[in-house]
Structure formats: C-alpha cells, structure tokens
Amino acid sequence: MAGDLPDYYFRVRENGALVFRLDTENRQRRIEMDQIAVINIRNGDVKAHGDRTLSAADMDEINAWMASRQALLAARDVDDIHRAVDYLNLTAQWVQSKATDEQLDDVTDALLLAMHDLRSVLVRKKADRLMEG
C-alpha cells in the first residue's frame, strides 16, 4: 500500500487546502502526514507552515494541484448551471401539471423576481459580448 501513495496530500478546505508531505519510511512503517503549507485558492497565496521553506518540488506539486483544482471548480460551476436549467424545466412542468393554487401563491412572486433578475443579467451580458465582437 505504501508504494501506491503520493508524496503529497491536499486536505481541501473552504478557500483552498492544507498541504501535507507523506512519509512512510519510518521505523513504525506508519503513514505520517507532515503539514508543509496552507493554500488559498481564491488569491493564489501559498504560505509555508511554521518555519518551513518550501522546495521547488513542493511548489511544483502545489502549483499543479492548484491548477487542477481551479479547473475542477470551474467545471463544477458550469455543471451546476446546467442542473439549474434542468431544474427550471422541471419547475415549469410542476407548475403546469401538479402545483396547487396554494403552492403557486407561495412561490410565484419569488420565482418571478429571481427569473426577472436572471434574465436582466443574461441580456446585459449578452449585449456586452455582442458589442465587443
């Protein structure tokens, strides 16, 4: 098992990750996780943990993980929007076929305002793109 482990482990947190160097070459043959850095994915900050100095290999691994993580988060954002489109379609079907008057009274204003806001932003952004192109 120890041969299959990577040299680094990234514990994901809200704005980035904690970076650990893994060590399996010790007397007890246990997996030791030595924290070496803290990453803020939003602003790209990498702070060495404690009085450590990060090596070029450490920074290469960290930068590669950050690029991969940013790509994953961007893909998730787009996937969430595609799911929202599906949910809007399901909502329209629910309104048309199943919703009671009481349920519609409960959600109509909130839905209309949210859709109006979304439409305004989409139209403005599309106009901006068309003016640039």
Filter the GluC sites (Glu not before Pro) in segment 2-59 down to the DSSP loop ones having no more than 16 other Cβ atoms within 10 Å, then list what survives.
-> E14, E25
How much length is gained on full extension from R29 to E132, taking 0.36 nm per residue of separation minus their Cα-Cα distance?
-> 31.0 nm
Looking only at L73, L104, L88, which one moves most when the chain is put into a Gaussian network model with springs between Cα atoms under 10 Å?
-> L104
In degrees, nearest 10, range 0 to 90: what is the angle between the Cα axis of helix 101-132 and the longest Cα principal axis of the chain?
-> 70
Distant-in-sequence amide H partners of G16 (H built 1.01 Å from N, under 5 Å) = I41
Dipole of the chain [Lys/Arg +1, Asp/Glu -1 at C-beta], most positive-end residue of L54, V107, S68 = L54
Each residue of segment 13-30 in order: what ³J(HN,Hα) in whole Hz does its phi give by Karplus 6.51 cos²θ - 1.76 cosθ + 1.60, θ = phi - 60°, with x for Gly and Pro?
-> 9, 3, 10, x, 6, 9, 10, 10, 9, 8, 9, 10, 9, 9, 5, 8, 6, 9
Measure nothing but the geometry: give the 0 to 90° angle between the long axis through the Cα atoms of 56-97 and the longest principal axis through the Cα atoms of the chain, rounded to 10°.
-> 20
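Let me know the charge dipole size of the chain about its Cα centre in debye, to the nearest 20, where only the beta-carbon of Lys, Arg (+1) and Asp, Glu (-1) is charged.
Computed about the Cα centre, the dipole is about 280 debye.
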Please pull out the direction-averaged projected area of the chain, using the convex hull of its alpha-carbon atoms, in nm² to one decimal place.
-> 15.1
Scan around Y8 for amide H atoms under 5 Å from its own, H built in the peptide plane at 1.01 Å from N, and keep only partners 5 or more places away or cross-chain.
-> L22
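With runs of 4+ DSSP H residues as the only contributors, calculate the mean residue ellipticity of the chain at 222 nm using -39,500 (n - 2.57) per run, divided by the residue total and rounded to the nearest 500.
On the way: 2 runs with 74 residues, N = 133.
Helix-only estimate at 222 nm: -20500 deg cm²/dmol.
When only DSSP loop residues count, what trypsin sites (Lys or Arg not before Pro) in segment 22-58 have their Cβ near at most 12 other Cβ atoms within 10 Å?
Numbers: sites: R27, R29, R30, R42, K47, R52; in loops: R27, R29, R30, R42, R52.
Sites meeting the loop and neighbour criteria: R27, R29, R30, R42.
Write down Rg/Rh for segment 2-79, rounded to two decimals, with Rg from the C-alpha atoms and Rh from the Kirkwood relation over Cα pairs. Could the numbers behind the result be given before it?
Working: Rg = 13.7 Å, Rh = 13.5 Å.
Checking Rg against Rh, the ratio lands at 1.02.
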If each of N43 and K125 carries a label point 7 Å out from its Cα toward its Cβ, how far apart are those two points in nm?
-> 2.6
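Laboratory data are not the source of any read-out in this text; all were calculated from the coordinates shown. Predicted model, so just to flag it, every value in this text is computed and none were measured. With ideal geometry, Cβ positions are generated from the backbone for all residues, glycine too; neighbour counts draw on all protein chains shown.
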